[in-house]
């Protein structure tokens, strides 16, 4: 089992990153020489004074409304946009950032900074990924090896946090095109979801969608995003929170444009959807038979989401699991997200039966748009043990 799981892991990463994967954090821009990330965090431009913990004011803090689960880490995030530059926002769901853009994300456990990740756009289509590991004195962070650092620090009894390698970063950020998962129209919307798991408070200096529009940072201006702020299309609060959580934590891999698209499991948020029942997230999960069979369940009873039956819902089961062959997400976490699991279990048991049934006005029940059809050759091997089905 361990050998097959390892093979599946390597296949998954290869599938996600095949077109851009490099063995180290050194990349070659198409229009110039090799680009190397700085050796120290203090040289990346994040800090005005790293010893004093003072951030350069050119770097703006932000907070996504649906944070990615990272084993309870406290995270801080900053963005740098070159002066006078704009984000191409013609596609609401696929912003294009100007060359020179930088994003940083800092992870702290137990009140101590452990790592800071850098995503730096150095050319029209070239990004540099790097991770910096903080020293014991908390005065500097050094560039981690391109392969990462396994089991770097203990975060819970018997559980240790690993520093990601470049291939790990690309597995999430390069599923179809380089994506900044937490800096999108939905994530920065001023119509924030109060029920979002692990929601973070907004401070007055944080960048929001309104900030970008008012400062002329989007091209075209997109005043419509301020007048009608993006949100998950759901009338029920729990449905909104569940779909937002799944979009943020699962949608980068499980989307119509990723290498895992043939699985027919599509959890990414798509702007313009008007109600929850029409979302791909529900139409490709609710009452769809799962190839992954929950251990101990009767044959052909496991569903991706089983209305009224959390115990038969593969998606929930795999969120709970931290076995390498079955856990979801497959990377970046060693602890289950208990808050999200509890939310999803209540929603499946109490809200999903009503949501999935036909309405009194004649709306048909949710159909299995993505019934388990035969997959193209190789897809099952790529996804086995790694993709939530």
Inter-centroid distance (Cα atoms) of the stretch 266-291 relative to the stretch 203-226, Å: 29 Å
Fewest-first sequence of 87, 294 by Cβ atoms within 10 Å of each Cβ: 87, 294
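Output the Kirkwood hydrodynamic radius of the stretch 253-336, Cα pairs only, in Å rounded to one decimal.
Working: mean 1/r = 0.0727 Å⁻¹.
Mean inverse Cα-Cα distance, inverted, gives 13.7 Å.
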For the stretch 73-142 versus the stretch 308-331, the gap between their alpha-carbon centres in whole angstrom: 30 Å
More than 19 angstrom apart: percent of Cα pairs within the stretch 51-107: 43 percent
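Computed from the coordinates by the stated procedures, all read-outs in this text should not be read as laboratory data. All of these numbers come straight from a predicted model, not from anything done at the bench. Methodologically, a virtual Cβ is constructed for each residue, glycine included, from the backbone with ideal geometry; neighbour enumeration extends over all protein chains shown.
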